[in-house]
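Worksheet: one structure, shown below.
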Amino acid sequence: PGFQNAVGEAVIESIPNINHNAFYYASIQPGVVPRAAFNDTQSVSAFGIGIDGRRYYSALSVGGGQAFTNDFRLDGLSIQGSAWNEASVLPNPEGLQETRTIINIFPAEYGRAQGVIALTTKTGTNRYEFSLFDRVRNEILNASRFGNNARGIPRPAFKVNSYGITLGGPIRRNSAFFFFSYAGLRHSENVDWLKTVPTERERAGDFSQTYVSVG
């Protein structure tokens, strides 16, 4: 029922995901178009922290609808927030088994939205398996901005370290299993602001040489 498309574990593990956004894997599916904010990789809201960060991560148009008209599901439970209809929980992508997008005529267990983005997390198996990850971004590796070069300003500080671990295995073979996932983030950024101060003429009340550029 309806149109469904899924991205599985093999794709999740193989493609880059710079912001570690679990909903990125929905954006590569047919019929899903992210807003510009979704692709932001450097602002303070680009890392899923706080309501604005979760809103950036959730800014997806599904099936031609507007952003924030979708239902987000994690292991069958709706995690849709009450402010922007944003996802209120952001799972660790390293612990994802599948990301599925469901559009149009929903099965009975879905509804309330233009589209449904359903995430399924991994489960333990009879084998012990674990993963470690540590992604580093640093201003040393970045090119300077055009405006900074024009004003002779060095590259501002920009440090991002996302790291974590997953671990799964049997509690009792063939009957009970466990899976653990942890993700951490350290972020340090210097923000440059360009402002003007009054000239001597303006401080004396003479604005005859004051111009405002438009465009």
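Annotations
- Filter result for ILE79 (over 13 Å from the mean Cα position of the chain (by Cα) and surrounded by 16 or more Cβ atoms within 10 Å (Cβ to Cβ)): yes
- Residue within the stretch 72-85 that is among the aromatic types (Phe, Trp, Tyr) and within 22 Å of ASP134 (Cβ to Cβ) present: no
- Residue within the stretch 58-69 that is touching a strand residue (DSSP E or B) at 6+ places or on another chain (Cβ under 9 Å), within 21 Å of LEU185 (Cβ to Cβ) and outside any helix (DSSP H, G or I) present: yes
- Complete set of residues in the stretch 87-101 that are touching a helix residue (DSSP H, G or I) at 6+ places or on another chain (Cβ under 9 Å) and either open to solvent by less than 20 Å² (accessible area, probe 1.4 Å) or assigned to a loop (DSSP other than H, G, I, E, B) (or both): ALA87, SER88, VAL89, LEU90, PRO93, LEU96, THR99, THR101
- Output for the stretch 43-57, where each listed residue is within 16 Å of PHE72 (Cα to Cα) and either assigned to a helix (DSSP H, G or I) or out of contact with any helix residue (DSSP H, G or I) (no Cβ under 9 Å at 6 or more places or on another chain) (or both): ILE51, GLY53, ARG54, ARG55, TYR56, TYR57
- Check on THR41, closer than 24 Å to LEU185 by Cβ, open to solvent by less than 40 Å² (accessible area, probe 1.4 Å) and of a type in the set (S, T, N, Q): no
- Residues that are open to solvent by 40 Å² or more (accessible area, probe 1.4 Å) and without any contact (Cβ under 8 Å) to a residue 12 or more places away in the chain, drawn from the stretch 44-61: ASP52
- Which numbered condition TRP84 fails, given (1) open to solvent by 40 Å² or more (accessible area, probe 1.4 Å); (2) in contact with a strand residue (DSSP E or B) (Cβ under 9 Å, 6 or more places away or on another chain); (3) in a loop (DSSP other than H, G, I, E, B): (2)
- Considering residues of the stretch 141-190 that are hydroxyl-bearing (Ser, Thr, Tyr) and surrounded by 11 or more Cβ atoms within 10 Å (Cβ to Cβ) only, the residue farthest from SER131 (Cα to Cα): SER144
- The number of residues in the stretch 119-168 being among the small types (Gly, Ala, Ser), in contact with an Asp or Glu (Cβ under 7 Å, 6 or more places away or on another chain) and farther than 24 Å from THR41 by Cα comes to 2.
- Members of the stretch 102-140 found to be among the aliphatic types (A, V, I, L, M) and open to solvent by 100 Å² or more (accessible area, probe 1.4 Å), listed by number: ILE105, ALA108, LEU132, ILE140
- Among residues of the stretch 166-185 that are free of Cβ contacts under 8 Å to residues at least 60 places away in the same chain, those with a Cβ under 9 angstrom from a residue that is assigned to a strand (DSSP E or B) and among the hydroxyl-bearing types (Ser, Thr, Tyr), sequence gap 6+ or separate chain, pair up as LEU167/SER131; LEU167/SER181; LEU167/TYR182; GLY168/SER181; PHE180/THR166; GLY184/SER162; GLY184/TYR163.
The values are calculated or read from the model by the stated rules, or taken from the named source; none is laboratory data. Because the structure is predicted, anything quoted here is derived from the model rather than measured. For neighbour counting, all protein chains shown are included, and Cβ atoms are generated from backbone atoms with ideal geometry for every residue, glycine included. Note: areas computed on protein heavy atoms with side chains; ligands, DNA, RNA excluded. Shrake-Rupley method; radii C 1.70, N 1.55, O 1.52, S 1.80 Å.
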